[in-house]
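Heads up, the thing below is written out as structure tokens.
The values are calculated or read from the model by the stated rules, or taken from the named source; none is laboratory data. All figures in this text were calculated on a predicted structure; none of them were measured in a lab. Glycine gets a Cβ as well: all are built from the backbone with ideal geometry, and neighbour counts include every protein chain shown. With ligands, DNA and RNA removed, areas are computed over all heavy atoms of the protein, side chains included. Shrake-Rupley method; radii C 1.70, N 1.55, O 1.52, S 1.80 Å.
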Amino acid sequence: YYMFRMAEQAPKFILGFEPYVHHYYTFKALNSFAGLDNLDIDLLGIEHLPLFPTCFDVIFCLGILYHRPSPIDSLRDLLTALKPGGCLLLESQAIPGEESVALFPEKTYAKVPGTWFVPTAACMHNWLQRAGFSNIKCFCSHPMSSLEQRKTDWMVFESYQDFIDKQNPEFTIEGYPAPWRVFFRAEKK
């Protein structure tokens, strides 16, 4: 979706990293109809970014970082792949709060296994800074809601409302603070 939206800006080339085969082939099928020669995708993940040192002008990292067991290493990999002056646009789940802390869920977070660290926005800022990024700005932060993630005729399985405590929507089903979304822009010097 985002690659097709980026194509509207007429970049020279957009390369998507997608480690899941079914998403990879979904994109291939859609682009066979769209016919956009400046878009391509490869069966790679964020851990493959060091294979592309100083390669990218802009990297979008959306909904990935909280699934990584070492977020600082992942941020360093993102930095390595950027050209000097390059820009990272990062979206992540977060928890509310002003302190620089991250939640480390015991098993799941909002019923999602494979969630390692869920930081506050202040913690994410510090991670980006310590990974070597500069000009770091959190340009949007808001609580997640069932308006953005919900059941539809096309999506009939569990969604946001099933992950949140029914008695107190400030908490997940596990008793952790309910998720927020944070969006950052950061640069490589």
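Couple of notes before you dig in:
- Estimated inter-spin distance, Glu98 and Trp154, nm [label 7 Å along Cα→Cβ]: 4.2
- Nitroxide proxy distance, nm - points 7 Å out along Cα→Cβ at Val112 and Val21: 2.4
- Relative contact order for the stretch 98-159, counting Cα pairs under 8 Å that sit 6 or more residues apart, in percent: 25
- Computed from the Kirkwood radius of its Cα pairs, the Stokes-Einstein diffusion coefficient for the chain at 37 °C and 0.692 mPa s stands at 184 µm²/s.
- Violating pairs (Cα-Cα greater than 32 angstrom) within the set Lys28/Lys137; Lys107/Lys188; Lys12/Lys189: Lys28/Lys137; Lys107/Lys188
- The relative contact order of the stretch 1-97, computed from alpha carbon pairs under 8 Å that lie at least 6 residues apart in sequence, is 26 percent.
- Candidate lysines for bridging to Lys166, where Cα separation is under 16 Å - those fewer than 8 sequence places away on the same chain excluded: Lys111
- Ranking Tyr160, Phe139, Pro69 by how far each Cα lies toward the positive end of the dipole of the chain (charges on Cβ) leaves Phe139 at the top.
- Over the chain, Cα pairs under 8 Å with separation of 6+ residues give a relative contact order of 20 percent.
- Max mean-square fluctuation residue, GNM over the chain, Cα-Cα springs under 10 Å, options Pro11, Pro179, Pro105: Pro11
- Accessible-area composition of the stretch 45-188, carbon plus sulfur, in percent [1.4 Å probe]: 56
- Spin-label proximity, Arg181 to the stretch 1-42 - amide N less than 18 Å from point 7 Å beyond Cα toward beta carbon: 1-6
- Probe 1.4 Å, accessible area per residue of the chain, Å²: 60
- Chain lengthening between His48 and Ile72 when straightened (0.36 nm per residue, less Cα-Cα): 7.1 nm
- Considering only the stretch 45-188, percent of DSSP beta bridges that pair antiparallel, nearest 5: 80
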